[in-house]
Amino acid sequence: MPHDQPNPDPPGPQPTIAPEHQQRLVEILAELGALGFCLPGSVAERRLQCTTPGCHCHADPAQRHGPYIAWTRKLNRKTVAHNLTPDQAQRYGPWFANNQRLRQLTSELQALSLQAAAEAEGWGEK
């Protein structure tokens, strides 16, 4: 099957889906297909208090060490953290944004599918 046109439906009889749902499905699939690399997790800037007694960071929270850019994610149900340099954070920023958009699109696709199935089958009508 050529990859120029998405075919989201399996073979066999299909439910009747409203044209606006079909159109949004095509739009979501096109946007998914255009996404690049996706890095999961979150990136946050942190300032830390060290363990050296008498260090200036203990007396004034505004004087803590950093900022450090931390990337955290789940790996095998455990949180894994990596410190990123500012250059790395800038280079991989679009990958983190792509992952956020991926999650938004998959959630929208699931909601759209639920709505289309409910309308096609008359679920929820009394």
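The values are calculated or read from the model by the stated rules, or taken from the named source; none is laboratory data. Nothing here was measured: the structure is a model prediction, and the numbers come from that model. Note: ideal-geometry Cβ built from the backbone for every residue, glycine included; neighbour counts use all protein chains shown.
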Pick from the range 45-78, criterion assigned to a strand (DSSP E or B) and among the β-branched types (Val, Ile, Thr), ranking: nearest to Leu35 (Cα to Cα): Thr72
Can you name every residue in the range 77-126 that is surrounded by 12 or more Cβ atoms within 10 Å (Cβ to Cβ), acidic (Asp, Glu) and over 16 Å from the mean Cα position of the chain (by Cα)? Glu119
Considering residues of the range 18-52 that are under 24 Å from Pro86 (Cβ atoms) and loosely packed, with under 13 Cβ neighbours inside 10 Å only, the residue nearest to the chain's Cα centre (by Cα): Ser42
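Residue-wise test of (1) among the aliphatic types (A, V, I, L, M); (2) at pLDDT 95 or above; (3) over 30 Å from Trp71 (Cβ atoms).
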{"position": "Asp4", "(1), (2), (3)": "no, no, yes"}
{"position": "Asn7", "(1), (2), (3)": "no, no, yes"}
{"position": "Gly12", "(1), (2), (3)": "no, no, yes"}
{"position": "Pro15", "(1), (2), (3)": "no, no, yes"}
{"position": "Ala18", "(1), (2), (3)": "yes, no, yes"}
{"position": "His21", "(1), (2), (3)": "no, yes, yes"}
{"position": "Leu25", "(1), (2), (3)": "yes, yes, yes"}
{"position": "Leu32", "(1), (2), (3)": "yes, yes, no"}
Test Ala81 against the stated conditions and say whether it is in a helix (DSSP H, G or I) and within 18 Å of Gln49 (Cα to Cα). no
Residue list for the range 35-74, restricted to those being within 17 Å of Gly93 (Cα to Cα) and among the hydrophobic types (A, V, I, L, M, F, W, C): Leu35, Phe37, Cys38, Leu39, Val43, Ala44, Ile69, Ala70, Trp71
